[in-house]
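Notes for the one structure printed next.
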Amino acid sequence: MPAFFHHLSEVLYQVLECVGVNPWVVERRRHTFLHREAAWDVYDHQNGHDTTHFHLGSQSEGTTTPGLQSDTDMLYTQNRINIMFSWADWQRGRMNLLMVREEDTPPQHYLLQAIRSDVPQPVTHYYHPNYVTDSHGRVFFSNMAVVGVAAVLWGDEHMRHGPSNSFSEDMDFVTALYCKTLPSEIMSWFTRMQHGYWPSQETLQAARLCGCFLVADGHHGSMNQDIEWRITPNLIERLLMFSLNMVPIKCLVILKMLKKQEFVKHIHCENCKFTTFHCKTALFTTLHKTQPNVWIKSRLIECIVTCLQTILEFLNQGECPHFIVERVDLFDGKLCRECQLSLERAIRGMIQDDMHVLFHLQSDGLGQRLMALPHDVRPYPGDDVNAGICGMLAKDMFKQYLRYVKRACSRLCNNAADVYTSLNNEINILESLAVNPRATQYNTNYLKFIVKWLMSVKASVTSSSCIQSGQPLPQDIWQLYGESLNTDVASSKLKLASMHYCRGELRRAESVLSEVEFDLVDSVQPVCGCGIIPFNDKLSKAFCEYTVQNYSHEQLTKKLAFCVSFLREEKFCAPQFLWCEMYRAVGDDVDHRDDIERDWMDCAEVDARPFLLYLQYLTYRGLGVRHRQLEAFHGLEDIVTSYDKVNQLYHRETVLNMFGHCCELDGDVERALRVYNASLRSSPRNNAANWHKQRLELMLNNYN
């Protein structure tokens, strides 16, 4: 290897640290996606689905950068299905499927024979589109069942790529069947791994417990594609990735950058593709055969070259052996021989040119950074790129959490005659799940979060009922409010203040609002779970820097302000003006809501900071403190008249409506009408401004 490789390795190592390939960001990515898995599981459990979810691939492994623009991969399993590797695995009362191989079944593939749920015997007759009966009377489960489910879920937006289904370019879903027993073509891997430098014995021991998945992906050249299922050891692969230190992770990121920019130039056939998984396989193979002392910072370029040489070996022999599954060629159906030879020539050229290609990599400006980085610069966790990644991960995790919570609340209230009892039962179930020995720390964190949120809803629903009937609040209501106040910086406290306002307890409302005002500093990041993306969806720099060093749930919620949400069952705890938000539809507006909007558009939803100002305006108006009332008015006015601030709002039309109401209360009816018109220009449909505009126009006509 050239002598300058050592110095270049040190510099490249630093550059990668600067673009998010460093221990703290890798940890944050893994932390985030493991929590998101848990949230998916709990959400499905709440909706009566017995599923388990797994985030796989670059995002969850931490082997990506902003410039690589990696999508998010989600694999989920239907736990009601029992996969039998042998007859000993049969379970009564379950949907049993036996793994079967024929003489002509391609490597890595199995057929799934339907077995009865009452006795361990094969199903002999089953007339259903998801099943296929062969000439011997055996009934097999078709992999097309997965396509049918995806089509029902996503309709025309559904896209299929191999075993994955998606409704957007950013996220792929793979429906899989879990098999707790590893088949022989995976078990042989443990024997092969006894001779090599990696993985460790501890990792191998853990891998034996991982099981594998069957995905709906028949072999491209098979006559039985529709009933073949491919085995895939995703959990073992994730375990291997999680065991790596930073040098092989950085090495894989560089391979991905080369693949994205350079390798693709040399693949000419439309159906040919060199994939990220080929790069990962080369890394695994290289780690297995290379001494550990090679994988150090000062030899990073050497490690990259060694991985490229492994790819050259694959291309030269015309076969890319799967690292784990025996007798599987990853080039089969992916890369024709002509493209293999073209790619081989290109990679040889890169190595012979002493890897000068690294200086031309465009992803994340890596080539320019490599040439410009001073020798003495050391990246630090709080720099712009790394802090931005950490902030984005934190925000997206809680945004996902809130989306599930809102759906749960919508489901509970829409399907129950007694909302209080329904909420109480749900809280009891979730609390029991949180202390279940099988619950991971990730499940437990999310369960505690959702329980606090539901306690806030329960407290507000109870208070609303008491206010409506003129009854005093029960004594235990204060405990409910107290346990729910730290969901975030503002939203639960604002609901408490709103309840006090609606009960006429203006001094108490003022006290709570003052506390929120003190905590709601500029570094607090607004978050909404309604699926709305503001025109200017930017992150606070201070929040991003905070998330680098503070990543526990408790720490993060001190810097987050969720949108404030009132269900219809909570309406007597909300200012009466906001009731119109719960009945915002005019004419056929309801027909113009998408699936996400149906989860929240029957609620009053509003950004925390504007709602604080609106409540302050109402409260100080009631108290007769005019100068504080005007401060709140001008604060709200500043938000709606500032192009930058109004474009950062999630529920912009609702904030405009609240400001219009303040204008009304101040006697400026004409300005209020202009504000309502501005709200309607922002959101013509499903907007309560339609009601307010009609009301004001009628009032002005009567006056004239």
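Summary table below
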item	result
Residue within the stretch 634-646 that is open to solvent by 60 Å² or more (accessible area, probe 1.4 Å), in contact with a helix residue (DSSP H, G or I) (Cβ under 6 Å, 6 or more places away or on another chain) and without any contact (Cβ under 8 Å) to a residue 12 or more places away in the chain present	yes
T203 vs. criteria at pLDDT 95 or above and surrounded by fewer than 18 Cβ atoms within 10 Å (Cβ to Cβ)	yes
Residue in the stretch 603-614 that is surrounded by 15 or more Cβ atoms within 10 Å (Cβ to Cβ), in contact (Cβ under 8 Å) with a residue 12 or more places away in the chain, touching a Gly at 6+ places or on another chain (Cβ under 8 Å) and not aromatic (F, W, Y) present	yes
The stretch 65-83, residues that are within 13 Å of the chain's Cα centre (by Cα) and part of a strand (DSSP E or B)	T72, D73, M74, L75
Hey, T619 free of Cβ contacts under 8 Å to residues at least 40 places away in the same chain and β-branched (V, I, T) or not	no
Among residues of the stretch 479-491, those that are open to solvent by less than 30 Å² (accessible area, probe 1.4 Å), without any contact (Cβ under 8 Å) to a residue 40 or more places away in the chain and within 27 Å of the chain's Cα centre (by Cα), counted	1
Cβ pairs under 7 Å, 6+ apart, first in the stretch 667-689 and in contact (Cβ under 8 Å) with a residue 24 or more places away in the chain and over 22 Å from Q648 (Cβ atoms), second in a helix (DSSP H, G or I) and of a type in the set (K, R)	L673/K693
Matching residues in the stretch 1-47 - criterion: being open to solvent by less than 20 Å² (accessible area, probe 1.4 Å) and of a type in the set (G, A, S)	S9, G20, A38, A39
Complete set of residues in the stretch 580-589 that are buried (at least 19 other Cβ atoms within 10 Å of the Cβ) and either part of a helix (DSSP H, G or I) or polar (S, T, N, Q) (or both)	C580, E581, M582
Restricting the stretch 333-370 to residues that are touching a residue at least 40 places away in the same chain (Cβ under 8 Å), out of contact with any Ser or Thr (no Cβ under 8 Å at 6 or more places or on another chain) and not in a helix (DSSP H, G or I), the residue that is most open to solvent (accessible area, probe 1.4 Å)	Q362
The stretch 682-704, residues that are touching a Ser or Thr at 6+ places or on another chain (Cβ under 9 Å), among the aliphatic types (A, V, I, L, M) and assigned to a helix (DSSP H, G or I)	A689
Residues within the stretch 453-478 that are crowded, with 20+ Cβ neighbours inside 10 Å and either charged (D, E, K, R) or on the phi > 0 side of the Ramachandran plot (or both), tallied	1
Among residues of the stretch 292-320, those that are in contact with a Phe, Trp or Tyr (Cβ under 8 Å, 6 or more places away or on another chain), outside any helix (DSSP H, G or I) and buried (at least 16 other Cβ atoms within 10 Å of the Cβ), counted	1
From the options V264, V253, residue that is assigned to a helix (DSSP H, G or I) and either farther than 18 Å from L68 by Cβ or open to solvent by less than 10 Å² (accessible area, probe 1.4 Å) (or both)	V253
Residue that is modelled with pLDDT of 90 or more, open to solvent by 60 Å² or more (accessible area, probe 1.4 Å) and not aromatic (F, W, Y), where the choices are H592, H627	H627
Yes/no for T285 being open to solvent by 20 Å² or more (accessible area, probe 1.4 Å), in a helix (DSSP H, G or I), touching a helix residue (DSSP H, G or I) at 6+ places or on another chain (Cβ under 6 Å) and within 29 Å of C212 (Cα to Cα)	yes
Single condition T52 does not satisfy, out of (1) open to solvent by 20 Å² or more (accessible area, probe 1.4 Å); (2) out of contact with any Ser or Thr (no Cβ under 8 Å at 6 or more places or on another chain); (3) modelled with pLDDT of 90 or more; (4) not aromatic (F, W, Y)	(2)
Some residue of the stretch 558-579 being more than 30 Å from S469 (Cα to Cα), open to solvent by 20 Å² or more (accessible area, probe 1.4 Å) and either of a type in the set (K, R) or modelled with pLDDT of 90 or more (or both)	yes
Residue match in the stretch 524-545 (condition: buried (at least 19 other Cβ atoms within 10 Å of the Cβ), more than 32 Å from the chain's Cα centre (by Cα) and over 13 Å from A608 (Cβ atoms))	no
Residues located in the stretch 212-225, provided they are at pLDDT 90 or above and either over 18 Å from R327 (Cα atoms) or of a type in the set (A, V, I, L, M) (or both)	L214, V215, A216
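The values are calculated or read from the model by the stated rules, or taken from the named source; none is laboratory data. Everything numeric in this text was worked out from a predicted model, so none of it was measured. Cβ sites come from the backbone with ideal geometry, for glycine too, and all protein chains shown count toward neighbours. With ligands, DNA and RNA removed, areas are computed over all heavy atoms of the protein, side chains included. Shrake-Rupley method; radii C 1.70, N 1.55, O 1.52, S 1.80 Å.
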